[in-house]
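All remarks here apply to the structure that follows.
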Amino acid sequence: MSRLIVVSNRVQPPTGEGAGNQGGLAVALSAALRESSGIWFGWSGETTDQFTGHINLQRNFGVTSATVDLEEQDVDEYYNGYANRTLWPLFHYRMDLAEFESGFAGGYERVNTRFAETLEPLIEADDLVWVHDYHLFPLGERLRDRGIANRIGFFLHIPWPPHGLLLSLPNHRELVETLFAYDVVGFQTQAWLQNFVDYVTHEMDGSVDENGVVTVGDRSLVAIACPIGIDTSEFVESAQSSAARYTRYRMGQSANGRDLIVGVDRLDYSKGLEERFLGYERFLGMNESYHGEVFLLQIAPPSRGDVQSYQEIRASLDALSGRINGAFADIEWVPIRYVNRGYARDRLAGIYRAARIGLVTPLRDGMNLVAKEYVAAQDPEDPGVLILSRFAGAAEQLTDAVLINPYSPEDIAEAIKLALEMPLEERIDRWQKLMGNIIAEDVVWWRKRFTDALERVPQMAG
Ligand code: GDG
């Protein structure tokens, strides 16, 4: 087995708290790193006055992490700038929010070059290098510039936008060309992969063969759809832990016989939170008999608070939840509990299990792991219903969810009613099919699918 080097913007080494707070991705990557004695490289999350390239090497629970500090300007231009104000909105089909500042692009290039310079001495012959996500598109090319001939793969966690949309990115072609430095490029879904292929065939005169080999001129890469999963067995266990059971008991007490609808999302405009609230408002407007019988718990820990569009979505959700509660609440019932903080994973699992409905309505999402976690946490004998946006990558696999158009308040309202009234037999039937997929295509399956594809590629001569 080759040694694995994982590169991502932030490094999440194991904390030793087990199911406590580490997400499935971090667990799966940590396991692979431990097995192969690999290294996880990325930004420390800290800033420094002057970039030095000093690597902080740490070993936590068998995983070696190598982190570097960045300058404040790097963080502004690369992370808050190009990654989260240009690429994130554009790749989530939000041209209206995308900002095209040349300073951002310069900072993005600079940090990717700094990452490559710092990482290069750590790479040994035969290592597999696996780069993650939109922060680091050009990293592979920068490593090749330095003569790295190892197999290098790239996985994109977010959508790939349609061809026509991507054209609005200045220097779009340069960005796409950087991908050809990788041997394998993985997307969450067939749909995102197809968008990529459309771009390459229309804009670059490229072609794709039946093995997924995408060729432009004399360069090629293997493109695969490789949907990320969760650590299913860990999450099932977590939903039965004492912390989860206790949380469920407390939720039951505070619900006072009412049905719980749950949403859990980073506070991000891509997650369709406003549209979700509006759909729920429509449901309340159309179904007076349910007043006082249900409530929506929306957990939304703030993220990327330095970016203005995130401050705006936060303010608008505060106003919207206040307006809906003001219009419908009475002295004994508040229709929306809107909470801006995070909870430990095992408590989250207990909340999912207590919920009659998991409401997952992103306007666009690479995959969406909350949908999978909600299903995994259910009681097999009395499972809740997953309502899922057809624009989440997860909808390609989870076809037995109640699929909705998140832009339509009616669609959301009708789905909530359908789910609340769904007979037990149908709930079990849908849940079993969903769970079948979530077990078969879990995070270990995903990691192996990607690394197997990368290992199949012959290594270039150094
Ligand atoms: C990106 C892509 C893709 C949320 N609140 C709490 C909490 N969370 C956890 C969830 C879940 C994770 O955060 C969110 O994952 P998602 O997949 O839903 O969304 P993104 O953060 O946007 O992730 C996405 C993913 O990468 C992986 O490829 O699926 O499409 O956008 O695990 O449970 N965790 C805890 N407390 C919270 O309050 N502990």
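Which whole-Hz couplings ³J(HN,Hα) result when phi for each residue of segment 205-215 is put into the Karplus expression 6.51 cos²θ - 1.76 cosθ + 1.60, θ = phi - 60°, listed in order with x for Gly and Pro?
Calculated HN-Hα couplings, in order: 6, x, 8, 10, 9, 6, 9, x, 7, 9, 10 Hz.
How big is Rg to Rh over segment 232-440, alpha-carbon atoms, Rh as the Kirkwood inverse-mean-distance radius?
On the way: Rg = 15.9 Å, Rh = 17.0 Å.
Here the Rg-to-Rh quotient is 0.93.
Give the long-range amide H neighbours of Arg10: residues separated by 5 or more places, or on another chain, with amide H under 5 Å away, using H modelled in the peptide plane at 1.01 Å from N.
Trp43
Compute the semi-axes of the equivalent ellipsoid of segment 362-462, taking the square root of 5 times each eigenvalue of the Cα gyration tensor, and list them largest first in whole Å.
Numbers: eigenvalues 215, 61, 13 Å².
Over the Cα atoms of segment 362-462, the semi-axes work out to 33, 17, 8 Å.
Within the accessible area of the chain, what % is carbon and sulfur when the probe is 1.4 Å and the other protein chains stay in place?
Values: 8540 of 18390 Å².
Exposed carbon and sulfur together represent 46 percent of the surface.
Rounded to a whole number of µm²/s, how large is the Stokes-Einstein D of the chain at 25 °C and 0.890 mPa s, given Rh as the Kirkwood radius over C-alpha pairs?
Numbers: Rh = 23.1 Å.
The Stokes-Einstein estimate is 106 µm²/s.
In whole Å, what is the distance between the alpha-carbon centres of segment 355-404 and segment 66-85?
33 Å
Quick check on segment 267-423: of the DSSP beta bridges with both residues there, what percent are antiparallel, nearest 5%? Intermediate results must be reported in sequence, preceding the final value.
Values: 1 of 14 bridges.
In segment 267-423, DSSP labels about 5 percent of beta bridges as antiparallel.
Among all the lysines, which ones have a C-alpha under 21 Å from Lys448's C-alpha, if same-chain residues fewer than 8 places away are not counted?
Result set, ordered by chain and number: Lys372.
For segment 232-440, what does the accessible surface come to per residue with a 1.4 Å probe? Please give it in Å².
Working: 8510 Å² over 209 residues.
Accessible surface, normalised per residue, equals 41 Å².
Show the residues, 5+ positions off or on another chain, whose built amide H is closer than 5 Å to the amide H of Val131.
Val7, Gly153, Phe154, Phe155
What order, most packed first, do the peptides 210-217, 410-417 have when packing is the mean number of other Cβ atoms within 10 Å of each residue? List each step's numbers first, then the result.
Numbers: 210-217: 13.4, 410-417: 20.8.
Averaged packing, sorted descending, gives the order 410-417, 210-217.
Search the structure for amide H atoms under 5 Å from the amide H of Gly272, placed 1.01 Å from N in the peptide plane, and list their residues when 5 or more places away or on another chain.
Residues meeting the criterion, in which the H sits 1.01 Å from N, are Leu363.
What is the extension gain from Met1 to Thr215, computed as 0.36 nm multiplied by their sequence separation minus the C-alpha to C-alpha distance, in nm to one decimal? Mind dumping the intermediate values first?
Details: separation 214, 0.36 × 214 = 77.04 nm, distance 2.85 nm.
Here the answer is 74.2 nm.
Relative to a virtual label point 7 Å from the Cα of Trp333 in the Cα→beta-carbon direction, which members of segment 243-260 show backbone nitrogen distances below 20 Å?
Of the residues in segment 243-260, 251-260 have backbone N under 20 Å from the label point off Trp333.
Quick one: accessible area per residue over segment 142-217, 1.4 Å probe, rounded to a whole number of Å²? Working shown, then result.
Numbers: 2690 Å² over 76 residues.
For segment 142-217, the solvent-accessible area averages 35 Å² per residue.
Sorting check: for 125-135, 361-371, which peptide has the highest mean count of neighbouring beta carbons within 10 Å, and how do the rest follow? Show your work: numbers first, answer last.
Details: 125-135: 21.0, 361-371: 25.7.
Output ranking for 125-135, 361-371: 361-371, 125-135.
The values are calculated or read from the model by the stated rules, or taken from the named source; none is laboratory data. Everything numeric in this text was worked out from a predicted model, so none of it was measured. Because the Cβ atoms are built from the backbone with ideal geometry, glycine has one as well, and the counts that use them run over all protein chains shown. All accessible areas refer to the heavy atoms of the entire protein, side chains included, with ligands and DNA or RNA removed. Shrake-Rupley method; radii C 1.70, N 1.55, O 1.52, S 1.80 Å.
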